[in-house]
Amino acid sequence: MRKRKWLFGIVMLFALTLVACNGDEEKASTQEKTYKLKVGYGQLYGAPLADIARAEGFFEDENLEVEMVSFTSGGLDALQADKIDIALTFGTATPLNYIAQGADFKFVGGHMEGGQPVVTKKENASQYKILEDFKGKKIATIRLGTLDVVFKSALDDAGIDIHKDVDFVEVKSVADVLEAVNSGKVDVGLSNTGHMTKTEALGLTPIFWSNDLSPNDLCCRVTVRGNITGDKAVAYKKFMKGLIRAERVKLENPKKNLEASKPTFKQLPEERVNEIVNEKHLINSADPNKREVINTWKKMQDIGYISDVETINLENHFDLSMYEEALDELIKGNPNDEYYKQVLQRYNEQNLDFK
Amino acid sequence: MKKFFSIYIYTTIITIALLALWFYITNFTGWLSPIIFPSPEIVVMAFFKALIELFQGFVSSMKLLVPSFVLALILGIGGGLFFGLHPKSRKILTPFFNAFSPLPLTLFIPYAIALLPTFELASIFILFLAAFWPIFLGTIQGVLLVDNHFWDNAKTIGLQQKDLILKVIIPASSPFILSGTGTALNLSFLILMTAEMFGAKSGMGYFIQFYTDFTQYDYVLAGLIFNSIVILLVMFTFEKIKKRILFWTNLKNEAN
């Protein structure tokens with residue numbers, strides 16, 4: 001009898017262990033899977049929305065691990081070679097140029113719009129009131145930069161021949177643009193976001209903003225490549241959800257944007273980081289803005305940046321389903337929140353209800 | 001030591017004079033824009049503020065430079081000896097050497113990113129290309145210019161191929177190999193900025209590129225000074241090694 005009790009004890013212990021293990025398994029299976037994304041960004045712009053989403057734990061909420069990879073050059077090559085999953089801040093014109101060359105890139109969201117100034121010396125600023133005033137001038141530009149396309153296209157629309165009536169001088173960086181204007185080698189320069197302190201310290205001033213030349217002028221698009229299915233689609237949706245939430249934080253609390261962005265900009269003084277990420281002309285929007293991407297594609301053809309693209313159907317280079325799903329989940333999770341309804345309305349206007 | 005100081009005292013005087021000139025122009029004249037040419041004291045402040053970042057950059061850069069340079073040395077000297085000793089192969093491939101060696105390395109960035117599995121390996125590849133060609137071409141040149149009497153003597157005493165290479169060809173061509181190696185070292189530092197344009201989080205070239213993009217010239221100059229000190233120390237060590245290897249030449253009389 002004593003022996004039986006001992007045996008009974010062992011059997012019970014074994015049974016309890018099994019139940020316990022089974023319980024753990026059930027727990028593990030209900031725990032959500034972790035997703036990983038490698039996100040490339042151009043270091044000149046930083047990545048404000050992604051930085052906010054990381055700092056606020058929005059990606060963690062989604063079980064999404066995001067590794068940020070910085071680039072001065074080669075970001076879209078890295079996307080093309082599958083070395084990164086998302087190219088975040090490489091403009092609109094540059095990925096469109098890759099698409100024109102046959103790249104299978106897809107736009108899934110947005111990150112930046114506007115905020116790029118045309119600058120000249122303060123004493124010459126009064127010479128430039130309308131686009132006609134740029135005739136005969138020497139203009140420093142960075143090829144395929146957002147303002148490069150927007151400005152040339154605005155001149156073209158105003159009937160100014162960009163090859164004959166003006167003289168564009170191509171340089172490599174914003175620093176080169178500012179020095180070219182400052183030293184008098186050119187009359188005006190097409191600058192970029194985040195350089196206002198330096199611009200003013202050099203005795204230069206903005207005469208036009210990209211926002212004035214083209215409302216909703218697009219900069220960085222959330223660009224991915226290939227067919228997006230399965231885990232990739234889920235991860236991208238989670239990423240977009242983080243960006244949509246981050247956009248709200250930036251609008252409601254720019255200070256949080258500044259704090260989240262500081263580590264990305266290393267030793268730069270706080271006021272400098274603030275002007276890069278919180279400049280008033282700069283709009284950080286996660287909306288894909290298909291309408292304006294298509295407009296940019298047309299502008300690039302008008303100014304001769306891309307040609308023979310009739311065989312390319314740009315529709316195939318958008319996948320807005322992840323943004324839609326992300327927004328849908330946010331609306332369902334916050335049914336009384338007016339903010340997300342406005343975001344949806346903007347999405348409809350910029351991506352669906354246009355011709 | 002006495003000789004060392006007697007020569008470098010002038011170098012020190014020139015350095016101090018240049019610093020004084022820089023201090024004077026930036027503080028007491030309006031000749032230069034203070035944005036692009038910050039005064040030395042501002043640069044020194046930036047230098048110390050960024051010191052940890054500069055050292056992190058040094059470590060990151062060495063992780064790229066050392067393996068790329070070692071690989072360039074092995075393949076450059078090995079390949080150079082092979083093509084130096086095999087005229088037919090050399091003649092066939094010389095057009096390729098001439099065509100590829102002067103190509104700008106930024107051209108290779110997309111290919112390096114596409115073909116190599118990590119960003120670090122892509123950077124190492126770019127740096128390897130920078131260092132490889134001068135060593136490789138210097139070695140070929142060295143082998144071709146080995147004095148005839150060395151060949152004759154080697155033949156007379158009946159040296160085997162291995163001994164011929166190790167005891168005659170390499171020592172005789174070492175001035176050219178080392179000259180190519182010196183050029184390769186210089187070029188490697190020059191190309192660091194290109195190699196650290198993608199995927200890097202820190203680095204000596206990355207530091208300068210980063211702050212140039214933001215027109216933060218006090219940090220740019222602090223980075224330039226830091227890099228110059230590192231390059232100076234590396235070249236000083238290299239010259240010491242070179243003199244020891246080339247003990248039979250006039251180099252030993254050069255102060256270092």
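Quick note: the coordinates plus some simple rules give every number you see, no bench work behind them. These figures come from a predicted structure and were not determined experimentally. Cβ: placed from backbone, ideal geometry, glycine included. Neighbour counts: every protein chain shown.
Listed values, structure above:
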read-out: Sites matching trypsin sites (Lys or Arg not before Pro) across region A:248-342 that sit in DSSP coil, with at most 12 neighbouring C-beta atoms within 10 Å; value: A:280
read-out: Sorted by Cβ density within 10 Å, fewest first, the residues B:94, B:181; value: B:94, B:181
read-out: Residue A:84 long-range amide H proximity, modeled H, under 5 Å; value: A:79
read-out: Part-to-part distance (alpha-carbon centres) for region A:110-162 and region B:207-232, which is given in Å; value: 31 Å
read-out: Lysines with Cα under 24 Å of residue B:3, excluding same-chain neighbours fewer than 8 positions away; value: B:240, B:242, B:243, B:252
read-out: Net charge over other residues, Cβ less than 10 angstrom from the Cβ of residue A:215 (K, R count +1; D, E count -1); value: -4
read-out: Per-bin percent of Cα-Cα distances, chain A [10 Å]; value: 5, 23, 30, 21, 10, 4, 3, 2, 1, 1, 0
read-out: Exceeding the 29 Å Cα-Cα cut-off - candidates A:198/A:290; A:36/A:256; A:172/A:299; A:135/A:172; A:152/A:185; value: A:198/A:290
read-out: Overall form of region B:52-160 per C-alpha gyration tensor (a/c, 1.5; a/b vs b/c); value: prolate
read-out: Long-range amide H partners of residue A:285 with built H, under 5 Å; value: A:111, A:112, A:113
read-out: Part-to-part distance (alpha-carbon centres) for region B:1-63 and region B:87-148, which is given in Å; value: 34 Å
read-out: Positive-end extreme of charge dipole, region B:39-253 - chosen from B:168, B:232, B:205 (charges on Cβ); value: B:168
read-out: Computed [θ] at 222 nm, deg cm²/dmol, chain B (DSSP H ≥ 4; -39,500 (n - 2.57); rounded to nearest 500); value: -26000 deg cm²/dmol
read-out: Peptide B:214-222, shielding by other chains (average Cβ, 10 Å cutoff); value: 5
read-out: Rounded if a/c under 1.5, otherwise prolate or oblate - the protein assembly as shown, Cα gyration tensor axes; value: oblate
read-out: Rule-of-thumb Rg ratio for region A:235-282 [Cα; 2.2 N^0.38 Å; N residues]; value: 1.24
read-out: D_trans [Stokes-Einstein, Kirkwood Rh over alpha-carbon pairs] for region B:170-247, 10 °C, 1.306 mPa s, µm² s⁻¹; value: 113 µm²/s
read-out: Helix runs (DSSP H) in chain B reaching 27 Å along axis by Cα, Kyte-Doolittle at least -1.0; value: B:2-28, B:51-85, B:119-144, B:170-195, B:217-245
read-out: Positive minus negative residues near residue A:193 (Lys, Arg vs Asp, Glu; Cβ under 10 Å); value: -2
read-out: Ratio Rg/Rh [Cα only; Rh per Kirkwood] for region A:117-213; value: 0.92
read-out: Directionally averaged projected area (convex hull, Cα atoms, chain B), nm²; value: 17.7 nm²
read-out: Rg/Rg_ref, region B:1-119, where Rg_ref = 2.2 N^0.38 Å and atoms are Cα; value: 1.72
